Amino acid sequence: MVEETTSCINNKPKQKTNKPKSVYEWSVRDVQNWLRRHCSDYHPLYADNFVQHDITGRALIRLNDNSLVRLGIRDPVHREAIWREILKLRLKTDIIEIRDLQYRTNSFN
């Protein structure tokens, strides 16, 4: 008697059905990944500063220019570039939240 196995013949990668983790749930490591991806020129210079100050996603989107100075980002060009990326992230997060609210509101009607 031969045992039947249910192995997957085609090796297609599974489609990701889960939506990405909310910025509010990001760990320090997630912030490091974001910094590396979106501020790659400055990641080697300031990654340790973000880790030392325990910057999570919730803290990241609350940063402002003065906060970045206190983090040790003294160069105004660097600070502006990082600030611009934080603003983009904030905007993206707000848009996602609005869409989620609209979806929930429409699903109840």
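Quick notes on this one:
- Residue count, the stretch 43-55 (criterion: among the β-branched types (Val, Ile, Thr) and buried (at least 19 other Cβ atoms within 10 Å of the Cβ)): 1
- Breaking point among (1) surrounded by 12 or more Cβ atoms within 10 Å (Cβ to Cβ); (2) small (Gly, Ala, Ser); (3) at pLDDT 95 or above, for SER40: (1)
- Output for the stretch 70-105, where each listed residue is assigned to a helix (DSSP H, G or I) and surrounded by 14 or more Cβ atoms within 10 Å (Cβ to Cβ): HIS78, ARG79, ALA81, ILE82, TRP83, GLU85, ILE86, LEU89, ARG90, THR93, ILE96
The values are calculated or read from the model by the stated rules, or taken from the named source; none is laboratory data. This structure is a prediction, so every number in the text was calculated from the model and none was measured. Note that each Cβ is placed from the backbone with ideal geometry, even for glycine, and that neighbours are counted across all protein chains shown.
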